[in-house]
1. Which cross-chain or sequence-distant (5 or more) residues have an amide H under 5 Å from the amide H of A98, H modelled 1.01 Å from N in plane?
2. How much net charge surrounds L19 when only other residues with a Cβ under 13 Å from its Cβ are counted (Lys, Arg +1; Asp, Glu -1)?
3. For the chain, which whole percent of the accessible surface, found with a 1.4 angstrom probe, sits on carbon and sulfur atoms?
4. List the residues, sorted by chain then number, that are 5 or more residues from D177 or on another chain and whose placed amide H is less than 5 Å from its amide H.
5. Run the 1.4 Å probe and let me know the accessible area of D203, rounded to the nearest 10 Å².
6. In whole angstrom, note down how far apart the Cα centers of region 148-190 and region 197-248 are.
7. Would you please give the residues with an amide H less than 5 Å from that of D182, counting only those at least 5 places away or on a separate chain, with H modeled from the backbone geometry?
8. May I ask you to derive the relative contact order of the chain, considering only C-alpha pairs under 8 Å and at least 6 residues apart, and to give it as an integer percent?
Amino acid sequence: MKKYILCCDWGTTSFRLRLVEREDYTVLAEFLSKDGVASTFKDWKEQNELSRFDFYAAILKNSIRELAKKSSFTLDNIPVIVSGMASSSIGMEEIPYADLPFESNGNQASVKLFKDFNGAKTLLVLVSGIKSHEDVMRGEEAQLIGLLKLNEVSIQASEEIVFVFPGTHSKHIVVKDGFVTDFKTFMTGEIFNILCEHSILKDSVLGGSGTGLKDQEKINAFLNGVDVSGTSSLLHSLFTVRTKQLFGQFSKEQNSFYLSGLLIGSELRQLKDGNYDRLIICSGKHLYAHYKLAAEVISLKFNTSYVQPDLIDKATIAGQVQIFNALKTASYE
(Lines give C-alpha, C1' and ligand atoms only; values in the text may rest on other atoms or scores of the structure.)
Protein backbone atom coordinates (compact mmCIF):
# COMPACT_ATOMS: atom_id res chain seq x y z
CA MET A 1 0.00 0.00 0.00
CA LYS A 2 2.99 2.32 -0.52
CA LYS A 3 1.02 4.10 -3.20
CA TYR A 4 -1.47 5.66 -0.78
CA ILE A 5 -1.55 7.67 2.41
CA LEU A 6 -4.38 8.82 4.69
CA CYS A 7 -4.01 12.56 5.31
CA CYS A 8 -5.89 14.04 8.25
CA ASP A 9 -6.24 17.75 9.00
CA TRP A 10 -7.67 17.85 12.52
CA GLY A 11 -8.44 21.44 13.44
CA THR A 12 -10.00 23.11 16.44
CA THR A 13 -13.55 22.92 15.05
CA SER A 14 -13.30 20.56 12.07
CA PHE A 15 -12.00 17.16 10.99
CA ARG A 16 -10.99 16.19 7.45
CA LEU A 17 -9.64 12.81 6.39
CA ARG A 18 -8.57 12.07 2.82
CA LEU A 19 -7.25 9.07 0.91
CA VAL A 20 -4.42 10.41 -1.23
CA GLU A 21 -2.15 9.20 -4.02
CA ARG A 22 1.34 9.85 -2.69
CA GLU A 23 2.88 10.47 -6.10
CA ASP A 24 0.61 13.22 -7.43
CA TYR A 25 -1.52 14.17 -4.37
CA THR A 26 -4.77 13.12 -6.02
CA VAL A 27 -7.62 12.91 -3.50
CA LEU A 28 -9.45 9.62 -4.07
CA ALA A 29 -11.96 9.95 -1.23
CA GLU A 30 -12.77 12.32 1.60
CA PHE A 31 -14.56 12.20 4.95
CA LEU A 32 -15.56 15.40 6.79
CA SER A 33 -17.02 15.95 10.23
CA LYS A 34 -17.44 18.64 12.86
CA ASP A 35 -15.59 16.56 15.46
CA GLY A 36 -12.85 19.14 15.93
CA VAL A 37 -10.23 18.90 18.64
CA ALA A 38 -12.06 21.30 20.98
CA SER A 39 -15.30 19.30 21.10
CA THR A 40 -13.42 16.00 21.16
CA PHE A 41 -11.40 17.12 24.17
CA LYS A 42 -14.61 18.16 25.93
CA ASP A 43 -16.17 14.75 25.20
CA TRP A 44 -13.07 12.96 26.48
CA LYS A 45 -13.16 14.92 29.75
CA GLU A 46 -16.77 13.86 30.29
CA GLN A 47 -15.92 10.12 30.23
CA ASN A 48 -13.49 8.04 32.30
CA GLU A 49 -13.06 4.80 30.36
CA LEU A 50 -10.39 5.64 27.77
CA SER A 51 -7.08 7.46 27.96
CA ARG A 52 -6.87 10.66 25.96
CA PHE A 53 -4.85 9.07 23.16
CA ASP A 54 -7.14 6.03 22.95
CA PHE A 55 -10.24 8.23 22.88
CA TYR A 56 -8.93 10.26 19.94
CA ALA A 57 -7.58 7.14 18.25
CA ALA A 58 -11.03 5.55 18.39
CA ILE A 59 -12.52 8.56 16.59
CA LEU A 60 -9.76 8.50 13.97
CA LYS A 61 -10.14 4.76 13.36
CA ASN A 62 -13.91 5.06 13.12
CA SER A 63 -13.44 7.84 10.57
CA ILE A 64 -11.16 5.56 8.55
CA ARG A 65 -13.91 2.94 8.56
CA GLU A 66 -16.45 5.52 7.42
CA LEU A 67 -14.13 6.61 4.65
CA ALA A 68 -13.69 2.99 3.58
CA LYS A 69 -17.46 2.55 3.34
CA LYS A 70 -17.86 5.78 1.42
CA SER A 71 -15.06 5.06 -1.04
CA SER A 72 -15.33 1.26 -1.41
CA PHE A 73 -11.55 1.11 -0.81
CA THR A 74 -9.88 -1.25 1.63
CA LEU A 75 -7.91 1.11 3.83
CA ASP A 76 -6.11 -1.39 6.08
CA ASN A 77 -2.31 -1.07 6.19
CA ILE A 78 -2.26 2.46 4.79
CA PRO A 79 -0.16 4.92 6.84
CA VAL A 80 -1.89 7.86 8.50
CA ILE A 81 -0.49 11.36 8.99
CA VAL A 82 -2.29 13.93 11.14
CA SER A 83 -1.50 17.64 11.33
CA GLY A 84 -3.25 20.58 12.92
CA MET A 85 -4.37 20.72 16.55
CA ALA A 86 -4.16 16.97 17.18
CA SER A 87 -0.65 17.40 18.62
CA SER A 88 -1.67 20.25 20.94
CA SER A 89 -2.37 20.28 24.68
CA ILE A 90 -6.02 19.42 23.90
CA GLY A 91 -5.26 16.92 21.13
CA MET A 92 -4.38 13.23 20.91
CA GLU A 93 -1.00 13.79 22.53
CA GLU A 94 1.00 16.94 23.06
CA ILE A 95 4.19 16.99 21.01
CA PRO A 96 6.95 19.61 21.35
CA TYR A 97 7.14 22.32 18.70
CA ALA A 98 10.00 22.54 16.23
CA ASP A 99 12.24 25.57 16.65
CA LEU A 100 13.33 28.35 14.34
CA PRO A 101 15.04 28.48 11.93
CA PHE A 102 12.89 25.76 10.36
CA GLU A 103 13.72 24.09 7.03
CA SER A 104 10.88 24.73 4.59
CA ASN A 105 11.27 21.26 3.00
CA GLY A 106 9.82 19.53 6.07
CA ASN A 107 13.00 17.78 7.19
CA GLN A 108 12.89 19.41 10.62
CA ALA A 109 9.22 18.76 11.34
CA SER A 110 8.55 17.69 14.91
CA VAL A 111 6.67 14.39 14.75
CA LYS A 112 5.86 11.35 16.86
CA LEU A 113 5.42 7.90 15.32
CA PHE A 114 2.95 5.29 16.56
CA LYS A 115 3.47 1.77 15.24
CA ASP A 116 0.82 -0.70 14.08
CA PHE A 117 -1.97 1.89 14.11
CA ASN A 118 -3.88 0.97 10.95
CA GLY A 119 -2.54 -2.55 10.56
CA ALA A 120 0.71 -4.39 11.21
CA LYS A 121 3.78 -2.20 10.64
CA THR A 122 1.57 0.73 9.62
CA LEU A 123 2.46 4.09 11.08
CA LEU A 124 0.42 6.88 12.54
CA VAL A 125 2.45 10.09 12.22
CA LEU A 126 1.41 12.94 14.49
CA VAL A 127 2.84 16.28 13.32
CA SER A 128 3.48 19.21 15.63
CA GLY A 129 4.04 22.85 14.68
CA ILE A 130 6.70 25.54 15.06
CA LYS A 131 7.50 27.98 17.86
CA SER A 132 9.45 31.19 18.12
CA HIS A 133 10.39 32.94 21.34
CA GLU A 134 6.89 34.47 21.51
CA ASP A 135 4.61 32.69 19.04
CA VAL A 136 3.39 29.28 17.86
CA MET A 137 1.63 27.81 14.85
CA ARG A 138 0.25 24.44 13.81
CA GLY A 139 -0.88 23.53 10.30
CA GLU A 140 0.27 26.53 8.30
CA GLU A 141 3.82 25.17 8.17
CA ALA A 142 2.47 22.09 6.36
CA GLN A 143 0.70 24.36 3.85
CA LEU A 144 3.92 26.29 3.29
CA ILE A 145 5.96 23.11 2.80
CA GLY A 146 3.33 21.93 0.31
CA LEU A 147 3.28 25.17 -1.69
CA LEU A 148 7.02 25.02 -2.13
CA LYS A 149 6.93 21.32 -3.00
CA LEU A 150 4.28 21.99 -5.66
CA ASN A 151 6.60 24.60 -7.18
CA GLU A 152 3.80 27.12 -6.96
CA VAL A 153 6.26 29.59 -5.45
CA SER A 154 9.88 29.98 -6.50
CA ILE A 155 12.34 31.63 -4.13
CA GLN A 156 15.57 33.17 -5.36
CA ALA A 157 18.81 32.98 -3.38
CA SER A 158 18.92 35.51 -0.50
CA GLU A 159 15.33 36.58 -1.26
CA GLU A 160 13.23 37.27 1.84
CA ILE A 161 9.53 36.56 1.40
CA VAL A 162 6.60 36.93 3.78
CA PHE A 163 3.74 34.48 3.28
CA VAL A 164 0.34 35.49 4.66
CA PHE A 165 -2.10 32.71 5.54
CA PRO A 166 -5.46 34.34 6.46
CA GLY A 167 -7.80 32.67 8.90
CA THR A 168 -9.12 32.71 12.42
CA HIS A 169 -5.53 33.29 13.47
CA SER A 170 -3.73 34.72 10.43
CA LYS A 171 -0.06 33.85 10.10
CA HIS A 172 2.68 35.97 8.55
CA ILE A 173 5.59 33.63 7.86
CA VAL A 174 9.02 34.92 6.82
CA VAL A 175 11.14 32.63 4.62
CA LYS A 176 14.75 33.20 3.54
CA ASP A 177 17.31 30.82 2.01
CA GLY A 178 15.00 27.83 2.43
CA PHE A 179 14.24 28.43 6.12
CA VAL A 180 11.36 29.88 8.09
CA THR A 181 13.15 32.57 10.09
CA ASP A 182 10.22 34.26 11.82
CA PHE A 183 6.42 34.42 11.96
CA LYS A 184 3.65 36.37 13.66
CA THR A 185 0.06 35.54 14.53
CA PHE A 186 -2.79 38.02 14.06
CA MET A 187 -6.12 37.18 15.72
CA THR A 188 -8.04 38.85 12.89
CA GLY A 189 -10.75 36.25 12.33
CA GLU A 190 -11.32 35.49 15.99
CA ILE A 191 -11.61 39.18 16.92
CA PHE A 192 -14.11 39.66 14.09
CA ASN A 193 -16.26 36.80 15.43
CA ILE A 194 -16.03 37.99 19.05
CA LEU A 195 -17.01 41.54 18.13
CA CYS A 196 -19.93 40.35 15.99
CA GLU A 197 -21.29 37.97 18.61
CA HIS A 198 -20.28 39.19 22.07
CA SER A 199 -19.66 42.94 22.02
CA ILE A 200 -21.72 46.13 21.82
CA LEU A 201 -21.13 45.98 18.06
CA LYS A 202 -23.26 42.85 17.70
CA ASP A 203 -26.37 44.99 17.21
CA SER A 204 -24.66 47.03 14.49
CA VAL A 205 -23.69 44.20 12.14
CA LEU A 206 -25.53 41.41 10.36
CA GLY A 207 -24.52 38.21 8.62
CA GLY A 208 -20.75 38.41 8.86
CA SER A 209 -18.51 39.26 5.91
CA GLY A 210 -18.17 35.73 4.59
CA THR A 211 -21.00 36.11 2.06
CA GLY A 212 -18.45 37.57 -0.35
CA LEU A 213 -17.63 40.90 -1.92
CA LYS A 214 -20.26 40.53 -4.64
CA ASP A 215 -21.83 43.96 -4.93
CA GLN A 216 -20.49 47.51 -4.97
CA GLU A 217 -22.12 48.60 -1.72
CA LYS A 218 -20.34 45.83 0.20
CA ILE A 219 -17.08 46.56 -1.60
CA ASN A 220 -17.36 50.26 -0.78
CA ALA A 221 -18.02 49.53 2.90
CA PHE A 222 -15.05 47.16 3.03
CA LEU A 223 -12.78 49.69 1.30
CA ASN A 224 -13.91 52.39 3.72
CA GLY A 225 -12.87 50.13 6.59
CA VAL A 226 -9.45 49.52 5.01
CA ASP A 227 -8.97 53.28 4.55
CA VAL A 228 -10.01 54.11 8.12
CA SER A 229 -7.62 51.44 9.47
CA GLY A 230 -4.78 53.71 8.40
CA THR A 231 -6.06 56.93 9.98
CA SER A 232 -6.48 56.17 13.69
CA SER A 233 -5.91 53.50 16.31
CA LEU A 234 -7.92 50.32 15.96
CA LEU A 235 -9.36 50.64 19.47
CA HIS A 236 -10.92 53.96 18.47
CA SER A 237 -11.96 53.06 14.92
CA LEU A 238 -13.79 49.94 16.08
CA PHE A 239 -16.37 52.13 17.79
CA THR A 240 -17.12 53.79 14.45
CA VAL A 241 -18.78 50.50 13.45
CA ARG A 242 -21.50 51.43 15.92
CA THR A 243 -21.77 55.05 14.82
CA LYS A 244 -21.84 54.15 11.11
CA GLN A 245 -25.04 52.24 11.80
CA LEU A 246 -26.50 54.74 14.29
CA PHE A 247 -26.05 57.59 11.82
CA GLY A 248 -27.52 55.59 8.94
CA GLN A 249 -24.30 55.61 6.90
CA PHE A 250 -24.24 51.83 6.48
CA SER A 251 -26.80 49.06 6.83
CA LYS A 252 -25.99 46.34 9.33
CA GLU A 253 -24.91 44.02 6.52
CA GLN A 254 -22.64 46.66 4.98
CA ASN A 255 -21.27 47.35 8.44
CA SER A 256 -20.04 43.75 8.65
CA PHE A 257 -17.85 44.43 5.63
CA TYR A 258 -16.73 47.75 7.11
CA LEU A 259 -15.62 45.92 10.26
CA SER A 260 -13.84 43.29 8.16
CA GLY A 261 -12.01 46.05 6.29
CA LEU A 262 -10.92 47.66 9.55
CA LEU A 263 -9.44 44.43 10.88
CA ILE A 264 -7.83 43.12 7.69
CA GLY A 265 -6.49 46.59 6.89
CA SER A 266 -4.98 46.85 10.38
CA GLU A 267 -3.37 43.44 9.97
CA LEU A 268 -1.80 44.10 6.58
CA ARG A 269 -0.60 47.58 7.54
CA GLN A 270 1.76 45.88 10.00
CA LEU A 271 3.79 44.86 6.95
CA LYS A 272 4.36 48.42 5.67
CA ASP A 273 7.64 48.91 7.53
CA GLY A 274 9.06 45.53 6.54
CA ASN A 275 12.02 45.24 4.19
CA TYR A 276 10.83 42.11 2.43
CA ASP A 277 11.44 41.32 -1.22
CA ARG A 278 7.96 39.91 -1.78
CA LEU A 279 4.58 39.32 -0.16
CA ILE A 280 2.62 36.20 -1.09
CA ILE A 281 -0.98 35.93 0.13
CA CYS A 282 -2.17 32.33 0.47
CA SER A 283 -5.90 32.39 1.15
CA GLY A 284 -8.75 29.98 0.74
CA LYS A 285 -11.77 31.14 -1.23
CA HIS A 286 -13.57 32.49 1.84
CA LEU A 287 -11.15 35.42 2.31
CA TYR A 288 -9.26 35.59 -0.98
CA ALA A 289 -11.06 38.65 -2.37
CA HIS A 290 -10.90 40.48 0.98
CA TYR A 291 -7.13 40.20 1.36
CA LYS A 292 -6.43 40.84 -2.31
CA LEU A 293 -8.48 44.02 -2.33
CA ALA A 294 -7.03 45.27 0.97
CA ALA A 295 -3.44 44.64 -0.17
CA GLU A 296 -4.07 46.51 -3.40
CA VAL A 297 -5.55 49.51 -1.56
CA ILE A 298 -2.75 49.71 1.03
CA SER A 299 -0.10 49.61 -1.74
CA LEU A 300 2.72 47.89 0.11
CA LYS A 301 6.15 48.82 -1.18
CA PHE A 302 7.18 45.28 -2.17
CA ASN A 303 5.82 43.03 -4.90
CA THR A 304 2.64 41.18 -3.96
CA SER A 305 1.28 37.99 -5.52
CA TYR A 306 -1.60 35.65 -4.69
CA VAL A 307 -1.88 31.87 -4.52
CA GLN A 308 -5.16 30.70 -6.01
CA PRO A 309 -7.62 29.36 -3.40
CA ASP A 310 -7.95 25.89 -4.94
CA LEU A 311 -4.24 25.30 -4.36
CA ILE A 312 -4.40 25.82 -0.60
CA ASP A 313 -6.10 22.47 0.11
CA LYS A 314 -3.72 20.70 -2.25
CA ALA A 315 -0.79 22.40 -0.51
CA THR A 316 -1.85 20.96 2.84
CA ILE A 317 -1.85 17.46 1.35
CA ALA A 318 1.46 17.98 -0.44
CA GLY A 319 3.00 19.24 2.78
CA GLN A 320 1.79 16.23 4.76
CA VAL A 321 3.10 13.83 2.12
CA GLN A 322 6.44 15.66 2.01
CA ILE A 323 6.78 15.43 5.80
CA PHE A 324 5.95 11.71 5.67
CA ASN A 325 8.41 11.07 2.85
CA ALA A 326 11.15 12.82 4.83
CA LEU A 327 10.83 10.25 7.61
CA LYS A 328 12.96 7.13 7.77
CA THR A 329 9.99 4.75 7.52
CA ALA A 330 11.21 2.11 5.08
CA SER A 331 10.76 -0.76 7.56
CA TYR A 332 7.08 0.20 8.01
CA GLU A 333 6.03 0.27 4.36
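1. Hits under the 5 Å cutoff: S110, G129, I130, K131.
2. Details: positive: K3, R16, R18, R22, R65, K69, K70; negative: E21, E30, E66, D76.
Surrounding charge for L19 is +3.
3. Values: 7660 of 15680 Å².
Ligands and nucleic acids excluded, carbon and sulfur reach 49 percent.
4. For D177, whose amide H was placed from the backbone, the distant partners under 5 Å are S158, E159.
5. 90 Å²
6. Their Cα centres are 28 Å away from one another.
7. V174
8. Reported relative contact order: 17 percent.
The values are calculated or read from the model by the stated rules, or taken from the named source; none is laboratory data. Keep in mind that what you see is a predicted model, and the values were worked out from it rather than measured. Every residue, glycine as well, gets a Cβ built from its backbone with ideal geometry; the counts of neighbours run over all protein chains shown. Accessible surface areas use protein heavy atoms only, side chains included; no ligands, DNA or RNA. Shrake-Rupley method; radii C 1.70, N 1.55, O 1.52, S 1.80 Å.
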